[in-house]
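Read through the structure below, which is laid out as structure tokens, and then see the notes.
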Amino acid sequence: QVLSDVFNAPVFTIDTANSACLGSAYRAIHGLVAERNVPLADVVKLAPEPRLAVTPTPGAEELYHPLLKRYAELEQKVIYNPASSC
């Protein structure tokens, strides 16, 4: 639910073990066929059907949107001046 609220997006899951590994494998296959201009959508056609897990809580965007902006600003400071973050 937190991911859905923070990013103001629905979250889908698939019924498979190690779904992160599965996603990485599809990306690897996509890389192998990149020279043939095969879209990622075509590579994942055989993936398990995703299931809607949660949707954003109404009003959560108002809380998280300013925080995401602030987080991005802080992240940029660390990236461009890592010594100052210590």
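For the chain, the equivalent ellipsoid derived from the alpha-carbon gyration tensor has semi-axes of 31, 23, 12 Å in decreasing order. Per-residue ellipticity at 222 nm computed for the chain from its helices equals -16000 deg cm²/dmol, with DSSP H segments shorter than 4 residues left out and the rest contributing -39,500 (n - 2.57). Relative to the longest principal axis of the Cα atoms of the chain, helix 60-80 runs at roughly 90 degrees. Taking amide H atoms as placed 1.01 Å from N in the peptide plane, the amide H of Val54 lies under 5 Å from those of Val11, each 5 or more residues away in sequence or on another chain. Residues of the range 1-39 with an amide N closer than 18 Å to a point placed 7 Å from the Cα of Glu49 along the Cα-to-Cβ direction: 11-17. Ligands, DNA and RNA left out, the accessible area of the chain computed with a 1.4 Å probe is 61% carbon and sulfur. Taking the Cα-to-Cβ direction at Ile14 and at Asp42 and moving 7 Å from each Cα, how far apart do the two end points lie in nm? The answer from the label model is 1.8 nm. Accessible surface area normalised per residue over the chain is 81 Å², counting heavy atoms of protein chains with a 1.4 Å rolling probe.
Taking the range 43-86, how much of its Cα-Cα pair set, in percent, is spaced more than 13 angstrom apart?
Every Cα pair in the range 43-86 considered, those over 13 Å come to 71 percent.
Here the spin labels are modelled as points 7 Å beyond Cα on the Cα-Cβ line, and at Thr57 and Phe7 they lie 1.8 nm apart. Rounded to the nearest 10 degrees, the angle from helix 19-32 to the longest Cα principal axis of the chain is 70 degrees.
The values are calculated or read from the model by the stated rules, or taken from the named source; none is laboratory data. Given the structure is predicted, the values throughout are model-derived calculations rather than measurements. In this analysis, Cβ positions are derived from the backbone assuming ideal geometry, glycine residues included, and neighbour counts consider all displayed protein chains. Heads up: the accessible areas ignore ligands, DNA and RNA and are worked out on the full protein's heavy atoms, side chains in. Shrake-Rupley method; radii C 1.70, N 1.55, O 1.52, S 1.80 Å.
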